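Peer 1: Structure incoming, see below.
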Amino acid sequence: MRDDRTELLEAAATVMRRAHAPYSNFPVGAALRGADGAIHVGANVENASYSETQCAEASAIGAMVAAGETRITAVAVVAERVEHCPPCGGCRQRLAEFAGPDTPVYLGRPGAEPLRTTLGELLPLAFEPEALES
């Protein structure tokens, strides 16, 4: 039986191969495990207006929300051209909307030694939705 880390990294690697990255040639895949145990995946989707590109993590979050899930229990991010590809700053905040600081984040490729970190290590002092409540 595969462990959670391996299953998420393999799902991220599979979806990475479906990325639409004709401008940067930097395919990325992300896999999120929801609280219900399901895995939700996303790949980066670029367009000619670079600022409108959708990151893999954002795509996976959209798929997760569309499936009715709102809580992330683990994350994996895989990129074709680098060994460990951390989420960009915007995606770190997006992930923090649905996950806690102790949520494990796996960076790497299946078959290689992945880097394990947490969302809190990637985004200390995250701006949390509770700050908007008064």
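The values are calculated or read from the model by the stated rules, or taken from the named source; none is laboratory data. Predicted model only: the values in this text are computed from it and were never measured. Heads up, the Cβs are rebuilt from the backbone with ideal geometry, glycines too, and the neighbour counts pull from every protein chain shown.
Peer 1: Of these, Ala60, Ala35, Ala66, which one is touching an Asp or Glu at 6+ places or on another chain (Cβ under 7 Å), modelled with pLDDT of 95 or more and aliphatic (A, V, I, L, M)?
Peer 2: Working: Ala60 fails: touching an Asp or Glu at 6+ places or on another chain (Cβ under 7 Å); Ala66 fails: touching an Asp or Glu at 6+ places or on another chain (Cβ under 7 Å).
Going through Ala60, Ala35, Ala66 in turn, the sole match is Ala35.
Peer 1: Residues in the range 62-85 that are of a type in the set (Gly, Ala, Ser), in contact (Cβ under 8 Å) with a residue 60 or more places away in the chain and over 13 Å from Pro104 (Cα atoms): how many?
Peer 2: Here is the first cut: in the range 62-85, the residues of a type in the set (Gly, Ala, Ser) are 62-63, 66-68, 74, 76, 79.
Now narrow it down to the ones that are in contact (Cβ under 8 Å) with a residue 60 or more places away in the chain: 74, 76, 79.
In the following step, the residues that additionally are over 13 Å from Pro104 (Cα atoms) were identified as 79.
Of the residues in that region, 1 qualify.
Peer 1: In addition: On the basis of being within 17 Å of Phe26 (Cα to Cα) and under 12 Å from the mean Cα position of the chain (by Cα), does Ala79 make the cut? Before you say what the answer is, go through the steps one by one.
Peer 2: Working: within 17 Å of Phe26 (Cα to Cα): yes; under 12 Å from the mean Cα position of the chain (by Cα): yes.
Spelling it out, Ala79 is indeed within 17 Å of Phe26 (Cα to Cα) and under 12 Å from the mean Cα position of the chain (by Cα).
Peer 1: List every residue pair whose Cβ atoms lie under 9 Å apart, where the two residues are 6 or more positions apart in sequence or sit on different chains, the first residue falls within the range 103-126 and is free of Cβ contacts under 8 Å to residues at least 24 places away in the same chain, and the second residue, located anywhere, is of a type in the set (S, T, N, Q) and surrounded by 18 or more Cβ atoms within 10 Å (Cβ to Cβ).
Peer 2: Matching pairs, first to second residue: Thr118/Thr103; Gly120/Thr103.
Peer 1: For residues that are over 20 Å from Arg5 (Cβ atoms) and touching an Asp or Glu at 6+ places or on another chain (Cβ under 9 Å), tally how many sit in the range 104-125.
Peer 2: Of the residues in that region, 0 qualify.
Peer 1: Related question: Among Pro101, Pro87, which is surrounded by 12 or more Cβ atoms within 10 Å (Cβ to Cβ), in a loop (DSSP other than H, G, I, E, B) and in contact with an Asp or Glu (Cβ under 7 Å, 6 or more places away or on another chain)?
Peer 2: Working: Pro101 fails: in contact with an Asp or Glu (Cβ under 7 Å, 6 or more places away or on another chain).
One residue alone meets the criteria, Pro87.
Peer 1: Kindly list, by first and then second residue, each pair from a residue in the range 1-24 that is within 17 Å of Pro104 (Cα to Cα) to a residue that is in a helix (DSSP H, G or I) and of a type outside the set (Lys, Arg), limited to pairs with Cβ atoms under 9 Å and residues at least 6 apart or on different chains.
Peer 2: Note: pairs meeting the criteria are Arg2/Glu10; Ala12/Ala56; Ala12/Ala60.
Peer 1: Being within 15 Å of Leu32 (Cα to Cα) and either in a loop (DSSP other than H, G, I, E, B) or basic (Lys, Arg) (or both) is the filter here, so list the residues in the range 51-84 that pass it.
Peer 2: Result: Cys55, Ala67, Gly68, Glu69, Thr70, Arg71.
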